[in-house]
Amino acid sequence: MPLFPSKFISKLPTVGISIFSVMSKLAVEHNAINLSQGFPGFDCSPELTALVNKYMLKGHNQYAPMIGVKELREAIATKTAELYTTAYNPETEVTITAGATQAIFTAILSVVREEDEVIIIEPAYDCYAPAVELAGGKPVFFQLNPSDFSIQWAEFQKLINPRTKMIIINSPHNPTGAILSALDLQKLEKLTNKTDIVILSDEVYEHIIFDGYEHQSVARFPNLANRSFIISSFGKTYHTTGWKIGYCLAPENLMAEFRKVHQYNVFSVNTPIQYAYAEFIQKKDLYLQLNDFYKTKRVFFNGLFKGSKFTFKPSSGTYFQLLNYKTISNDKDVDFAKYLTVNHGVASIPVSVFYHKTFDQKLLRFCFAKENDELEKAAERLNKI
């Protein structure tokens, strides 16, 4: 069939199939253990699925309110106030979304205009830059310190100018597992003071942080909170990534703009699941103890590689661990990740793909949110290299 129109111009000419799809497809084709995509390898609570069924049977099967079910918005506002001491009005400052990625896209689209600059900190989750480009904005990239993935704020400051509309931050950080400290947020607060810069804070791994650290949400910092979209999700917390329910917190003026876009690109999201989460979120221990659950996983996974040819620094948050293979191979990380999948039956994600220009440190990202026997099998195969 001939192409039509014959001179079609892509709005995202540099975007192809994501590395996540590529590696997962390879994993299926070669029957490999898939530690590439960031989804848990265990099921959610039977009580939670029973709650979803309960609300289906109660007839909550039609459109939810555009801004989300009231009970869930109220529960999120209460939880946020308890954890981060900032009050959000559930009527005007909390919106339920179809996952975090949709919330990120909507937040960017709601405030970024043509020629606005958006600072993206790399390595970065791959949905940020395309959303900026579709909004007509210009991504401006800042690279984390390669040695410890910290932000060098003196260098960062040089990127800020009158065209800077938004700064995107992510903590705990995907793919590195690094976290932002209170001092980091204080420095960001100072840099953006007396500006019109909007912060988009991706906090989907807020409950997966280790070694006694507390999550430093921008909600803890009043002068950041009043200029920020905070994005979070239930998928990582309750092992339900396939349900695609997230939420956005923002001051009323920003949320009003967010909802203008949200009502047209999604309108509303799954009704019975919202009611189920609203009831299930009352079990506070489940999210308060998630750190301990995943810390045990991290310790177990890393212990499997002690004495191996892989080197690593334990991640500070998320359920990802980076492994460095520079003593094993000089191959590019994309090539080596494919090699491990095809020849050794373990799929991972090469970290260079999280940069707009390839920056190869011989690092692979592995998801350890899997059952222990699966992690053991993967380590056994990798340690034979």
(message) As an exercise: evaluate PHE293 against (1) over 18 Å from LEU35 (Cβ atoms); (2) part of a helix (DSSP H, G or I); (3) among the aromatic types (Phe, Trp, Tyr) and give the number of the one condition it does not meet.
(response) (1)
(message) I'd like the full set of residues that are touching an Asp or Glu at 6+ places or on another chain (Cβ under 9 Å) and within 14 Å of SER233 (Cβ to Cβ), limited to the range 267-276.
(response) GLN274
(message) Tell me whether the range 306-323 contains one or more residues that are out of contact with any strand residue (DSSP E or B) (no Cβ under 6 Å at 6 or more places or on another chain) and part of a helix (DSSP H, G or I).
(response) no
(request) Go through the range 72-107 and give me each residue that's among the charged types (D, E, K, R), within 22 Å of the chain's Cα centre (by Cα) and more than 17 Å from LYS236 (Cα to Cα). (result) ARG73, GLU93
(request) Find all pairs meeting these conditions: Cβ atoms under 7 angstrom apart; at least six residues apart or on different chains; first residue within the range 178-200 and under 21 Å from PRO123 (Cβ atoms); second residue among the aromatic types (Phe, Trp, Tyr) and part of a helix (DSSP H, G or I). (result) LYS187/TRP153
(message) Among the residues of the range 114-129, are any modelled with pLDDT under 95 and in contact with an Asp or Glu (Cβ under 9 Å, 6 or more places away or on another chain)?
(response) yes
(message) Consider the range 354-385. How many of its residues are among the aromatic types (Phe, Trp, Tyr) and closer than 13 Å to TYR319 by Cβ?
(response) 2
(message) Go through the range 209-225 and report how many residues are closer than 18 Å to GLU82 by Cα, out of contact with any Phe, Trp or Tyr (no Cβ under 6 Å at 6 or more places or on another chain) and either surrounded by fewer than 19 Cβ atoms within 10 Å (Cβ to Cβ) or not assigned by TED's automatic domain parsing to the domain that holds LEU83 (or both).
(response) 3
(message) Every residue in the range 78-111 that is of a type in the set (A, V, I, L, M, F, W, C) and closer than 15 Å to VAL261 by Cβ, please.
(response) ILE96, ALA98, ALA103, ILE104, PHE105, ALA107, ILE108, LEU109, VAL111
(request) Determine, yes or no, whether GLN62 is assigned by TED's automatic domain parsing to the domain that holds ILE245, within 20 Å of the chain's Cα centre (by Cα), closer than 30 Å to ALA276 by Cβ and of a type in the set (S, T, N, Q). (result) no
(request) Can you work out which of the residues in the range 228-239 that are surrounded by fewer than 24 Cβ atoms within 10 Å (Cβ to Cβ) and out of contact with any Pro (no Cβ under 6 Å at 6 or more places or on another chain) is nearest to GLY99 (Cα to Cα)? (result) GLY235
(request) Return yes when VAL342 is in contact (Cβ under 8 Å) with a residue 24 or more places away in the chain and either surrounded by 18 or more Cβ atoms within 10 Å (Cβ to Cβ) or outside any helix (DSSP H, G or I) (or both) and no when it is not. (result) no
(request) Could you run through the range 319-337 and say how many residues are within 20 Å of GLU376 (Cα to Cα), crowded, with 19+ Cβ neighbours inside 10 Å and not aromatic (Phe, Trp, Tyr)? (result) 4
(request) Kindly list the number of the only condition in (1) of a type in the set (Lys, Arg); (2) modelled with pLDDT under 95; (3) not in a loop (DSSP other than H, G, I, E, B) that fails for LYS357. (result) (3)
(message) With the requirement that a residue be over 22 Å from GLY177 (Cβ atoms) and either part of a loop (DSSP other than H, G, I, E, B) or touching a His at 6+ places or on another chain (Cβ under 8 Å) (or both), what does the range 190-232 give you?
(response) ASN193, LYS194, THR195, ASP196, ILE197, PHE221, ASN226, ARG227
(request) Within the range 156-187, track down each residue that is out of contact with any Phe, Trp or Tyr (no Cβ under 6 Å at 6 or more places or on another chain), closer than 18 Å to GLU214 by Cα and part of a helix (DSSP H, G or I). (result) ALA182, LEU183, ASP184, GLN186
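The values are calculated or read from the model by the stated rules, or taken from the named source; none is laboratory data. Everything numeric in this text was worked out from a predicted model, so none of it was measured. A quick note on method: Cβ atoms are made from the backbone with ideal geometry, for glycine too, and the neighbour counts reach across all protein chains shown.
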